[in-house]
1. Between residue 69 and residue 97, what is the label-to-label distance in nm when each label sits 7 Å out along the Cα-to-Cβ direction?
2. If each of residue 60 and residue 47 carries a label point 7 Å out from its Cα toward its Cβ, how far apart are those two points in nm?
3. Could you tell me which of rounded, prolate or oblate describes region 46-91, using a ≥ b ≥ c as the square roots of the eigenvalues of the alpha-carbon gyration tensor, with rounded for a/c under 1.5 and, failing that, prolate when a/b is larger than b/c and oblate otherwise?
4. Determine, for each peptide in 73-82, 59-68, 39-48, the mean count of other beta carbons within 10 angstrom over its residues, then list the peptides with the highest first.
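Nothing in this text is a laboratory measurement; each read-out follows from the coordinates by a stated rule. These figures come from a predicted structure and were not determined experimentally. Methodologically, a virtual Cβ is constructed for each residue, glycine included, from the backbone with ideal geometry; neighbour enumeration extends over all protein chains shown.
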Amino acid sequence: MRKTLCTFALTLLVATPFAASATTGNGFASAQSTTASCSVVNLFAFQVFIALKPTVAMFRHVYPCVALVLPGDVSTREMRSDNSRYFAELDAYGRIVGGSFH
């Protein structure tokens with residue numbers, strides 16, 4: 001229980017700057033973008049975030065306008081070169097442990 005709580009606290013501590021940058025436009029496009037879709041601009045920050053093994057809810061909170069495709073979800077096969085759709089790989093606990101942009 002203590003390890004889980006510490007991991008959760010550390011995740012929140014590290015994820016907070018990413019969430020704050022969503023409103024300032026530092027790192028990735030924000031939900032307030034004037035375009036129809038937004039994308040991940042700072043791939044290094046995104047990889048650091050994924051290395052934290054975020055939950056699906058955390059991912060959608062930090063990257064609200066990136067389409068998250070989970071295993072078993074139905075999606076189109078169109079090619080997106082703007083990093084606006086992420087196909088996630090999940091572990092046994094439902095955390096995102098990897099994936100790719102298509």
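1. 2.1 nm
2. According to this spin-label approximation, the distance is 2.8 nm.
3. Values: a/c = 1.83, a/b = 1.40, b/c = 1.31.
Cα axes put region 46-91 in the prolate bin.
4. Details: 73-82: 8.9, 59-68: 18.3, 39-48: 14.9.
Peptide ranking by packing, descending: 59-68, 39-48, 73-82.
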